[in-house]
1. Please go through segment 31-67 and pick out each residue that is in contact with an Asp or Glu (Cβ under 8 Å, 6 or more places away or on another chain) and in contact (Cβ under 8 Å) with a residue 24 or more places away in the chain.
2. For residues in segment 5-33 being in contact with a helix residue (DSSP H, G or I) (Cβ under 7 Å, 6 or more places away or on another chain) and assigned to a helix (DSSP H, G or I), which is surrounded by the most Cβ atoms within 10 Å (Cβ to Cβ)?
3. Report yes if some residue within segment 34-45 is at pLDDT 90 or above, exposed (fewer than 12 other Cβ atoms within 10 Å of the Cβ) and assigned to a helix (DSSP H, G or I); otherwise report no.
4. Do we have V64 as modelled with pLDDT of 85 or more, assigned to a strand (DSSP E or B) and hydrophobic (A, V, I, L, M, F, W, C) here?
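The values are calculated or read from the model by the stated rules, or taken from the named source; none is laboratory data. In this text, all values refer to a predicted model and were calculated from it rather than measured experimentally. Every residue, glycine as well, gets a Cβ built from its backbone with ideal geometry; the counts of neighbours run over all protein chains shown.
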Amino acid sequence: MIYLIMPYKVRLMDPAVDFLDEMPDKLRAKVLRSIGLLKEFGPMLREPHAKRVPDWPGLFELRVDLADLHVGCSTSGIARPSM
């Protein structure tokens, strides 16, 4: 079986852009790498990079492992890291 991988369009909402702008460069690079994976794989991106949001059929959050700091972004907005 052959799978064609197409680039997908990813649009960041203003709160996500503001959140990225506040991040240190090294952490921002990790998040942008994950966004790049989302652009490449679109809805086929799964764990550990994306996880289904409970009780919301078809909605997944983009997950970025920032060492001990875990950040989740979804189509409904941005989740601030919990420390």
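1. Once the filter is applied, which keeps residues that are in contact with an Asp or Glu (Cβ under 8 Å, 6 or more places away or on another chain) and in contact (Cβ under 8 Å) with a residue 24 or more places away in the chain, segment 31-67 yields only R63.
2. By that ranking, first place goes to V31.
3. Within segment 34-45, the first condition is being at pLDDT 90 or above, and the residues that meet it are 34-37.
From the residues that got through so far, the ones that are exposed (fewer than 12 other Cβ atoms within 10 Å of the Cβ) too are none.
No, there is no match, as no residue in segment 34-45 is at pLDDT 90 or above, exposed (fewer than 12 other Cβ atoms within 10 Å of the Cβ) and assigned to a helix (DSSP H, G or I).
4. Working: modelled with pLDDT of 85 or more: yes; assigned to a strand (DSSP E or B): yes; hydrophobic (A, V, I, L, M, F, W, C): yes.
So V64 passes the test.
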